[in-house]
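Undergrad: Once you've had a glance at the structure underneath, I'll fire off some questions.
The values are calculated or read from the model by the stated rules, or taken from the named source; none is laboratory data. In this text, all values refer to a predicted model and were calculated from it rather than measured experimentally. All Cβ positions, even for glycine, are placed from backbone atoms using ideal geometry, and neighbour counts span all protein chains on display. Surface areas here come from the heavy atoms of the whole protein model, side chains and all, with no ligands, DNA or RNA. Shrake-Rupley method; radii C 1.70, N 1.55, O 1.52, S 1.80 Å.
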Amino acid sequence: MAMGEVKEVKLYGFLLSGYCTMVHHALKLKGVAYEYVEEDLQNKSQALLELNPVYKKVPVLVVDGKPVAESLVILEYVNDMWKDPPLLPEDPHKRSKVRFWADFVYQKLVPGIYAIQNTKGEEQQKAIQELIDHLSTLEDGIQKDLFTGGPFINGERPGLLDVIMGSAYGGFKYMEGLTNAKIIEKERTPLLCSSIDAYVDLDVVKETAIPDAMLQELIRAMREKASASSGA
Ligand SMILES: N[C@@H](CCC(=O)N[C@@H](CS)C(=O)NCC(=O)O)C(=O)O
């Protein structure tokens with residue numbers, strides 16, 4: 001049930017964007033019907049430039065003509081607009097913990113993924129180790145601050161951090177394919193791995209999964225680009 005009467009929900013996104021995946025998942029978990037508009041990021045539509053004039057990025061969610069930008073802001077908005085099922089715990093302190101760790105994912109894990117993509121050799125090995133260390137920090141934090149026995153980080157139903165980590169998972173897998181390193185492993189981060197396993201098994205998640213063939217093709221193209229630029 002939405003706050004007030006909602007007539008039109010539109011998501012501007014890009015297929016390979018983990019930020020957009022989060023919004024797809026949140027809307028689907030809430031059972032919201034929406035229209036999806038795929039953007040060409042090399043040639044952005046006038047609509048996108050007008051809807052997100054500050055950053056000019058996707059995702060942008062437009063509800064009855066009113067735009068909301070920035071994925072984390074959108075997730076909170078979706079959770080406020082459509083109450084059931086809730087993506088945040090009721091207790092204010094627990095909510096603050098979810099927000100703290102969600103922010104950690106944005107501040108540390110996402111830049112960590114880009115750092116691997118943008119480096120080579122020894123520098124890349126260092127970036128991989130840093131990302132692994134951040135994942136362990138997140139594992140310990142969730143264990144201490146939030147976990148109540150699973151199957152999700154949020155408990156019996158997926159919540160905001162499940163949506164974020166479940167969507168970032170594609171990025172970790174992509175980096176593993178690119179570097180042949182094991183980044184996210186059950187032995188190191190059992191709780192994160194088991195909650196992600198439960199999450200990717202949800203129907204709403206399977207519906208929006210990037211086809212494996214497309215992911216493999218992307219990895220192949222990235223590897224080719226990397227070896228061309230190193231002169232190998
Ligand atoms: N902080 C933004 C990041 C969104 C973002 O980086 N979007 C990328 C696609 S993954 C984009 O629109 N890039 C186009 C550009 O940078 O011009 C969010 O959380 O929504």
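Undergrad: Can you work out the accessible area per residue across the stretch 3-81, with the rest of the protein chains kept in place, probe 1.4 Å, in square angstrom?
TA: Using a 1.4 Å probe on heavy atoms only, each residue of the stretch 3-81 averages 51 Å².
Undergrad: Same structure again: Taking R0 as 25 Å, what's the FRET efficiency between Ala226 and Leu16 from their Cβ-Cβ distance, rounded to 0.05?
TA: It comes out at approximately 0.90.
Undergrad: Under the rule a/c < 1.5 gives rounded, and otherwise a/b versus b/c splits prolate from oblate, where does the stretch 3-81 land using the Cα gyration tensor?
TA: prolate
Undergrad: Give the peptides 201-213, 18-30, 79-91 in descending order of average Cβ contacts within 10 Å, highest first.
TA: With the highest mean Cβ count within 10 Å placed first, the list reads 18-30, 79-91, 201-213.
Undergrad: Sticking with this structure for a sec: Taking every DSSP beta bridge with both residues inside the chain, roughly what % is antiparallel (nearest 5)?
TA: If I count the DSSP bridges inside the chain, around 70 percent turn out antiparallel.
Undergrad: List the residue ranges in the chain for DSSP H helices whose C-alpha atoms run 24 angstrom or more along the long axis and whose Kyte-Doolittle average is 0.5 or above.
TA: Sorted by number, the helices that extend far enough and score high enough are 160-179.
Undergrad: Could you give the length gained on full extension between Val200 and Lys182, defined as 0.36 nm per residue of separation minus the Cα-Cα distance, in nm?
TA: 4.6 nm
Undergrad: OK, next. Pop a pseudo-label 7 angstrom from the Cα along the beta-carbon direction at both Lys66 and Lys83 and give the gap in nm to one decimal.
TA: 1.7
Undergrad: Taking 0.36 nm per residue of sequence separation and subtracting the Cα-Cα distance, how much length would be gained by fully extending the chain between Asn43 and Glu90, in nm to one decimal?
TA: 12.7 nm
Undergrad: Amide H of Val37 versus every other amide H placed in the peptide plane: which residues, excluding those fewer than 5 positions away on the same chain, fall under 5 Å?
TA: When sequence neighbours closer than 5 places are left aside, the close amide H contacts are Leu11, Tyr12, Gly13.
Undergrad: Moving on to the next point. Suppose we look only past 19 Å in the calculated P(r) of the stretch 92-223. What percent of the Cα-Cα pairs does that tail hold?
TA: Tail of the P(r) past 19 Å holds 50 percent of the pairs.
Undergrad: In addition: Most mobile of Glu139, Glu156, Glu76 per a Gaussian network model of the chain (Cα springs, under 10 Å)?
TA: Answer for the Gaussian network model of the chain: Glu156.
Undergrad: Out of the total accessible area of the chain (probe 1.4 Å, heavy atoms of protein only), what percent is carbon and sulfur?
TA: 53
Undergrad: With a probe of 1.4 Å, find how much accessible area the stretch 92-223 has per residue, and write the answer as a whole number in Å².
TA: Ligands and nucleic acids excluded, the result is 51 Å² per residue.
Undergrad: Can you give the % of DSSP beta bridges in the stretch 3-81 that are antiparallel, to the nearest 5?
TA: Counting only bridges with both partners in the stretch 3-81, antiparallel ones make up about 65 percent.
Undergrad: How many percent of Cα pairs in the chain exceed 29 Å?
TA: 30
Undergrad: Give me the compactness ratio for the stretch 136-178, meaning the Cα radius of gyration over 2.2 N^0.38 Å.
TA: Ratio of Cα Rg to 2.2 N^0.38 Å: 1.27.
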